[in-house]
């Protein structure tokens, strides 16, 4: 079970100020949790959220466009170390809720919310997910290919229309998953895993 000796950083994404303020108070009653930001939507604030380095992101699923609700990883790419928690007070499709590590209901009290937040961290770090967590995502493979081609962070950011900070986060995830720190080693990895042809390497 996740311990309470650390203060977990939380970002709330909820358009209603009444609800986000109430939730914040319920969370911060409990020791070990700090709400570092309350945001009205996730689209204009992804970079801000990334910089805040949250442990938990609490999201009202209705703030996510319907076509993207089943692709949360794409929306929050680069933040794979954060648990995603759904804040629900209206009907949300079960298939959508499956993507979250846990679900907070509008009727939950502070104790139940705290339990669910800790459960979300356990779900994020569950051993059964180890194989999936060590497998590179499609975006990480794209970044790896760009690295193997000799591109620097700024060039990769421009090519993939993401920030340099997000590129760095992807690089950290690639290093963590592969256990390889050098660009030359990652290039060999990309070639051996058929992500890039040896003739494409500078």
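Among the residues of segment 163-202, count how many are in contact (Cβ under 8 Å) with a residue 24 or more places away in the chain and not in a helix (DSSP H, G or I).
5
Applying the selection to segment 135-153, what residues are surrounded by 14 or more Cβ atoms within 10 Å (Cβ to Cβ), over 21 Å from the mean Cα position of the chain (by Cα) and under 14 Å from residue 191 (Cα atoms)?
Within segment 135-153, the subset surrounded by 14 or more Cβ atoms within 10 Å (Cβ to Cβ) is 136-137, 139-149, 151, 153.
After this cut, where a residue has to be over 21 Å from the mean Cα position of the chain (by Cα) as well, the list is 145-149, 151.
Passing the criteria: 145, 146, 147, 148, 149.
With the requirement that a residue be free of Cβ contacts under 8 Å to residues at least 24 places away in the same chain and more than 16 Å from the chain's Cα centre (by Cα), what does segment 23-45 give you?
Result: 24, 25, 28.
Can you give me the number of residues within segment 74-115 that are within 16 Å of the chain's Cα centre (by Cα), loosely packed, with under 15 Cβ neighbours inside 10 Å and assigned to a helix (DSSP H, G or I)?
Residues that pass the stated criteria total 2.
Which of (1) buried (at least 20 other Cβ atoms within 10 Å of the Cβ); (2) not in a helix (DSSP H, G or I) is the odd one out, the single condition residue 156 does not satisfy?
It fails just one condition, (2).
Would you tally the residues in segment 19-43 being part of a loop (DSSP other than H, G, I, E, B) and at pLDDT 95 or above?
Final tally of qualifying residues: 0.
Going by the structure shown, is residue 46 surrounded by 15 or more Cβ atoms within 10 Å (Cβ to Cβ) and modelled with pLDDT under 80?
Numbers: surrounded by 15 or more Cβ atoms within 10 Å (Cβ to Cβ): yes; modelled with pLDDT under 80: yes.
When the stated conditions are applied, residue 46 passes them.
Which one of the conditions (1) over 23 Å from residue 195 (Cα atoms); (2) in contact with a helix residue (DSSP H, G or I) (Cβ under 6 Å, 6 or more places away or on another chain); (3) outside any loop (DSSP other than H, G, I, E, B) does residue 143 fail to meet, given that it meets all the rest?
Single failed check for residue 143: (1).
I'd like to know if segment 6-18 contains one or more residues that are in the same structural domain as residue 83 (by TED's automatic domain parsing), assigned to a helix (DSSP H, G or I) and more than 18 Å from residue 81 (Cα to Cα).
yes
The values are calculated or read from the model by the stated rules, or taken from the named source; none is laboratory data. Quick caveat, the model's predicted, so the values are computed rather than measured. Methodologically, a virtual Cβ is constructed for each residue, glycine included, from the backbone with ideal geometry; neighbour enumeration extends over all protein chains shown.
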